[in-house]
1. Kindly provide the set of residues from segment 174-212 that are in a helix (DSSP H, G or I), small (G, A, S) and in contact (Cβ under 8 Å) with a residue 40 or more places away in the chain, ordered by number.
2. So which of T273, T284, T321, T304 is more than 29 Å from L29 (Cα to Cα), touching a residue at least 40 places away in the same chain (Cβ under 8 Å) and of a type in the set (S, T, N, Q)?
3. In segment 326-356, how many residues are modelled with pLDDT under 90, surrounded by fewer than 22 Cβ atoms within 10 Å (Cβ to Cβ), assigned to a helix (DSSP H, G or I) and not basic (K, R)?
4. Which pairs do you get when a residue that is at negative phi and of a type in the set (A, V, I, L, M), found in segment 129-141, comes within reach of a residue that is outside any helix (DSSP H, G or I) and surrounded by fewer than 24 Cβ atoms within 10 Å (Cβ to Cβ), reach meaning Cβ atoms under 9 angstrom, with the pair 6+ apart or on two chains?
5. For the condition in contact with a His (Cβ under 9 Å, 6 or more places away or on another chain) and either among the basic types (K, R) or in a helix (DSSP H, G or I) (or both), what is the one hit in G225, G140, G216?
6. Against the conditions (1) closer than 30 Å to T388 by Cβ; (2) charged (D, E, K, R); (3) out of contact with any Asp or Glu (no Cβ under 9 Å at 6 or more places or on another chain), where does E192 fall short? Just the number, please.
7. Could you go through segment 23-31 and let me know if any residue there is touching a Ser or Thr at 6+ places or on another chain (Cβ under 6 Å), over 26 Å from A242 (Cβ atoms), surrounded by fewer than 17 Cβ atoms within 10 Å (Cβ to Cβ) and at pLDDT below 90.
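The values are calculated or read from the model by the stated rules, or taken from the named source; none is laboratory data. It should be emphasised that the depicted structure is a prediction, and the values quoted were computed from it without experimental measurement. Counting neighbours? That spans all protein chains shown, and the Cβs are built from the backbone with ideal geometry, glycine included.
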Amino acid sequence: MEPAAALPNEPATSLAESPVQPGPVPFVLPTARQVVGRGFDLGLATSRQIQRASIYVGLLATAFVVPLVIQAAAMVIAMPDLFSELFDAGSGAGLVEPGPLSLADPGLIALLWVVVLLASAAITALMIDAQVMAVALLGGQLAGRPLRIHEALRRARQVFWRMVMVWFLVSLPLAVIQSLLADPLVEAGIPEEGVLLLVALVVAMIGAPFGYVPAGIILGDVEPGQAVVRSVRLARARWRLAAVIALFATVFAWIEVLALGVGIDVLARLGETVHLGFDNGLTTTATLVVLLAGVAAGVSLLFTFGALIAAPQVVAFVGLTHFHAGLDRARDPALPHGPELQAPAAEVIPPVGAGLAPEPERPTATSTAPASEWTTVSARSARFRWVTLPMATILALELALAMVALIGVVSPPA
């Protein structure tokens, strides 16, 4: 029988049981049947870091939604039937007589759409950061050197554009394939829910060879093209493992969608029960608080589910490659990027049950150049920013546009 794997945070054998000082507990590559369970164990061991990171992601996403919610609420107060008329116009329903939409200032509608686009772009970038943070936190825990939240966020910023490129190389083609497969079946009259689930499972099998791409970039510190090639090699070496990881991610993503649907339904029922709305100042304030709290909770839930989905991938990647040195750049940004951090072990596929081989020596942050006052001052001035300048600029622009819209609603032109 295969020996059970142990996570790095499990206690070692006591000295009373053995006269020899025990070394580090080796990480054993799980089988296809074990990888999901090991992933849940890893998620449980990393739950504290994941919880703190989810709070950060949820609060930052809420900050980007605040200007949009305030602007929409002000427009609803000034024109109560505006959004219902927008929905009627979008569904093709004709308007018998001029309504609030036709009387509204087109500039206010344009400002609303600009704020929607800015908030969508910022939240999309935040979700990419959240995916990287989850993988980095899980990888650090599995390696026995847990990352702090700001270190995981630093890693997200280091590989952000590589993850964007992965979306074009992998995610976008798979989305196109899913649409091409689903549309004819839905038009044929087959129930949409069943079609979408079936097509999602088929696309998951098609995309299974690319399941290790995020871990290859985040933990292996390689470029997107090289990450795709290495992911295919890993999947071919243990194809059952790759298939289980892909199926688990698809099924768990559907559970995530159902959980979000239940949460939205609960908020809607709560609003009906306490009569939330925009009738007066008190109910408007309560409605805004509930909406923003729902956004924060929903984004935090998405982050937590994303971490659980990524956990089996991290377990399998580290077990197959014995490599996670990319995380060292999150601990020390002075480390170089490129071949210096890439280990030959990343190309070796050990047999199932093999222990974790010693990692190759990696470059340290030490420098042969003599220290100077300039380098000391530069090191001290390099402060970590929880909100980057582009993100802060987008948020400030959202607030400015929302204020312009509020002024237009409160005191419209004569």
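1. Once the filter is applied, which keeps residues that are in a helix (DSSP H, G or I), small (G, A, S) and in contact (Cβ under 8 Å) with a residue 40 or more places away in the chain, segment 174-212 yields A200, A204.
2. On the way: T273 fails: touching a residue at least 40 places away in the same chain (Cβ under 8 Å); T321 fails: more than 29 Å from L29 (Cα to Cα); T304 fails: more than 29 Å from L29 (Cα to Cα).
Among T273, T284, T321, T304, only T284 is more than 29 Å from L29 (Cα to Cα), touching a residue at least 40 places away in the same chain (Cβ under 8 Å) and of a type in the set (S, T, N, Q).
3. Residues in segment 326-356 being modelled with pLDDT under 90, surrounded by fewer than 22 Cβ atoms within 10 Å (Cβ to Cβ), assigned to a helix (DSSP H, G or I) and not basic (K, R): 6 in total.
4. L137/P146
5. Working: G225 fails: in contact with a His (Cβ under 9 Å, 6 or more places away or on another chain); G216 fails: in contact with a His (Cβ under 9 Å, 6 or more places away or on another chain).
Of G225, G140, G216, the one residue that is in contact with a His (Cβ under 9 Å, 6 or more places away or on another chain) and either among the basic types (K, R) or in a helix (DSSP H, G or I) (or both) is G140.
6. Going through (1) closer than 30 Å to T388 by Cβ; (2) charged (D, E, K, R); (3) out of contact with any Asp or Glu (no Cβ under 9 Å at 6 or more places or on another chain) one by one, E192 breaks only (1).
7. Pass one, segment 23-31, residues touching a Ser or Thr at 6+ places or on another chain (Cβ under 6 Å): none.
No, every residue in segment 23-31 fails to be touching a Ser or Thr at 6+ places or on another chain (Cβ under 6 Å), over 26 Å from A242 (Cβ atoms), surrounded by fewer than 17 Cβ atoms within 10 Å (Cβ to Cβ) and at pLDDT below 90.
For (1) within 30 Å of L395 (Cβ to Cβ); (2) at pLDDT below 95; (3) surrounded by fewer than 22 Cβ atoms within 10 Å (Cβ to Cβ); (4) not charged (D, E, K, R), each residue gets a yes or a no:
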position	(1), (2), (3), (4)
A136	yes, no, no, yes
Q178	no, yes, yes, yes
A182	no, yes, yes, yes
G211	no, yes, no, yes
